[in-house]
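Heads up, the thing below is written out as structure tokens.
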Amino acid sequence: MTTTFPDVSISTDRLVLRPFEEGDVAALTEMMNDELVVAWTGVPHPYTSADAHAWATRDSHAERTEGRGIVFAVTEFLTQRLVGVVHLQNTNWRTRSAEVGYVTAPWARGEGYASESVLAVAQWLFRDQRFERLELRTAADNTASQQVAQKIGCISEGVLRNAWIVRAQDADGHWGEIRTDLIVWSLLPEDLDEADDLDGGRMAEATGYAVSADWH
């Protein structure tokens, strides 16, 4: 039984999802130090260029080669600039299921890139890799991330109470941690087929800011 994803790139009309490269380090560093990314994810803060270099050149690739998942750098087709990350993780090869996390760069928000890229990965996962379940978790107050889940056809399954830690700044600019609930969403192959039928096969789009909860 195959226990690693193939080394692939995925294209949409506007985006190319590919493995990370050393040339992504500067943009990745800037993206991960954005206040909203810091608030909603568990990435280190501050996120240093050394952190970004390790991720772009080693750690993200190990996700695939060690069978844990696969990481895509989301780039614009025309400009080739980095605009986000999509990360399949917690892969269960026996049940053919995985969890998706994603981040949208602050300079690319409002373009619908999060839903476009996550939907493209879901299509690839179900149709090419024959997976049966994709899970997504969003912090209870992260409404933009919930919009992405809804736009691509995910079904809300319930709430994990007090299951995640988010960060918030006080008046002096210091970051503190706050516990929050997680909303669990799922997407199955038949959900994707129904969404395609309703949307005429077009890519779903969501506006605004999107970062899933469990991206680290």
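The values are calculated or read from the model by the stated rules, or taken from the named source; none is laboratory data. Just so it is clear, the structure is predicted and the values come from calculations on it, not from any experiment. So basically every Cβ, Gly included, is an ideal-geometry build from the backbone, and we count neighbours across all protein chains shown.
I'd like the full set of residues that are under 21 Å from Arg133 (Cβ atoms) and either in contact (Cβ under 8 Å) with a residue 60 or more places away in the chain or not in a strand (DSSP E or B) (or both), limited to the stretch 67-89.
Across the stretch 67-89, the qualifying residues are Gly67, Arg68, Gly69, Ile70, Phe72, Val86, His87, Leu88, Gln89.
Being more than 27 Å from Arg167 (Cβ to Cβ), assigned to a strand (DSSP E or B), out of contact with any Phe, Trp or Tyr (no Cβ under 8 Å at 6 or more places or on another chain) and modelled with pLDDT of 95 or more, is that true of even one residue in the stretch 92-100?
For the stretch 92-100, residues more than 27 Å from Arg167 (Cβ to Cβ), assigned to a strand (DSSP E or B), out of contact with any Phe, Trp or Tyr (no Cβ under 8 Å at 6 or more places or on another chain) and modelled with pLDDT of 95 or more: present.
Do any residues in the stretch 94-111 that are under 19 Å from Arg127 (Cα atoms) and in contact (Cβ under 8 Å) with a residue 12 or more places away in the chain have Cβ atoms under 7 Å from those of residues that are surrounded by 15 or more Cβ atoms within 10 Å (Cβ to Cβ) and of a type in the set (Phe, Trp, Tyr), where the two are at least six apart or on different chains, and which pairs are they?
If the second residue must be surrounded by 15 or more Cβ atoms within 10 Å (Cβ to Cβ) and of a type in the set (Phe, Trp, Tyr), the pairs left are Arg96/Phe131; Ser97/Phe131; Ala98/Phe131.
Go through (1) over 17 Å from Ser11 (Cβ atoms); (2) in contact with a helix residue (DSSP H, G or I) (Cβ under 7 Å, 6 or more places away or on another chain); (3) part of a strand (DSSP E or B) for Arg137 and report which single condition fails.
Single failed check for Arg137: (2).
Could you tell me whether Asp181 is surrounded by 11 or more Cβ atoms within 10 Å (Cβ to Cβ), within 21 Å of Ala139 (Cα to Cα), modelled with pLDDT of 60 or more and charged (D, E, K, R)?
Against the criterion (surrounded by 11 or more Cβ atoms within 10 Å (Cβ to Cβ), within 21 Å of Ala139 (Cα to Cα), modelled with pLDDT of 60 or more and charged (D, E, K, R)), Asp181 qualifies.
Report the residue count in the stretch 52-77 for those that are buried (at least 19 other Cβ atoms within 10 Å of the Cβ) and either out of contact with any helix residue (DSSP H, G or I) (no Cβ under 9 Å at 6 or more places or on another chain) or not aliphatic (A, V, I, L, M) (or both).
So the count comes out to 7.
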